[in-house]
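Step one of this worksheet: look at the structure below.
The values are calculated or read from the model by the stated rules, or taken from the named source; none is laboratory data. Note that this is a predicted model, so its numbers are computed, not measured. Because the Cβ atoms are built from the backbone with ideal geometry, glycine has one as well, and the counts that use them run over all protein chains shown. We work out accessible area using only protein heavy atoms, side chains counted, and drop any ligands, DNA or RNA first. Shrake-Rupley method; radii C 1.70, N 1.55, O 1.52, S 1.80 Å.
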Amino acid sequence: MSKVGLVMEGGAMRGMFTCGVIDVFMENGIEFDGAIGVSAGATFGCNYKSHQIGRPLRYNLNYCKDPRYGTFKSLRKYGDVYEKQFCYRDLPYKLDPMDFATYESSPMEFYLVATEVESGRPVYTKIDHLDDKAMDWFQAGASMPIVSTPVEIDGKKYLDGGISDSIPLKAFEEMGFDHNVVILTQSLGYKKKKMSGFLLHLKAANQYPNIQKRLAVRHEMYNAEKEYVLARRDEGACLLIAPEEKLPVSHMEHDPKKLQAAYDHGRKIGLAYLKQVKAFVGQYKSTK
């Protein structure tokens, strides 16, 4: 039985590109058996399962200038650039609520990636229900190193999934999703460079030795995973979607025009690939 998946890279506010792509998919009735997201790929991509077209764009435009949302002021005050109560309680429950009923009734499986800080290993968590613990997992998977406090869940601490598995195509294949659409937030020509020694030796990085080791070689991991995705594309096992050029947003972007531009570029690319995606998904879902 063939299972068709959606793999979404992270990249903080580059995730607005992914939002544009998946909104086009949802508007055109494209259904996946499962999806996996890394960092922003999870916090934004989970709206696929709740079928909330436009929600991540809307709340990012509405709250991008809030001091609790991606600022060093928030880091100094709360220990996280994205403050927990605001981002993982107020937003999903009150300010721009997730559709809990639709999410939980959707047959699509949804997974996110986090990094366990003591071992430095990736953890793949299936999120079936939306509750406080699920929100903690979303926070953990998107807690960028150095500018976030590790999130404790069931006695273990976690950080951003991109530290240990930035493009989890291989992991998703091993879960049984043998044909996948992969959305990157960097252009195809992008090569990740080694993190600066200054950042690696900040206290926030070196207090967890295995996280520090992961960060030191993350560029090697990322570039190798990118090559794997390209190889699987060439073999016909995945369909790859990426920006045409570097997106006009920073990690913690506060300019709504730039956020909108990244989203609009995602829509443009999503529409350009729509016919291919429909054919790809239809071909393999029809083999069930």
(message) Which condition from (1) free of Cβ contacts under 8 Å to residues at least 60 places away in the same chain; (2) closer than 21 Å to A140 by Cβ is the one that V81 breaks?
(response) (1)
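Being in a loop (DSSP other than H, G, I, E, B), crowded, with 24+ Cβ neighbours inside 10 Å and not hydroxyl-bearing (S, T, Y) is the filter here; which residues of segment 33-44 pass it?
F44
What is the residue count in segment 138-193 for residues that are among the polar types (S, T, N, Q) and closer than 24 Å to E244 by Cβ? Reasoning before the result, please.
First, pick out the residues of segment 138-193 that are among the polar types (S, T, N, Q): 139, 143, 148-149, 164, 166, 180, 185-187.
Narrowing further to those that are closer than 24 Å to E244 by Cβ: 166, 180, 185-187.
Within segment 138-193, residues that are among the polar types (S, T, N, Q) and closer than 24 Å to E244 by Cβ number 5.
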(request) Output the residues belonging to segment 45-65 that are open to solvent by 30 Å² or more (accessible area, probe 1.4 Å) and among the charged types (D, E, K, R). (result) R58, K65
(request) Check whether at least one residue in segment 67-80 is among the small types (G, A, S) and in contact with a strand residue (DSSP E or B) (Cβ under 9 Å, 6 or more places away or on another chain), and report yes or no. (result) yes
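Restricting to segment 237-257, what's the tally of residues that are in contact (Cβ under 8 Å) with a residue 40 or more places away in the chain and under 28 Å from I146 (Cβ atoms)?
Looking only at that region, the number is 13.
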(message) Take the residues in segment 1-25 that are open to solvent by 10 Å² or more (accessible area, probe 1.4 Å) and among the aliphatic types (A, V, I, L, M); name whichever of them is modelled with the lowest pLDDT.
(response) M1
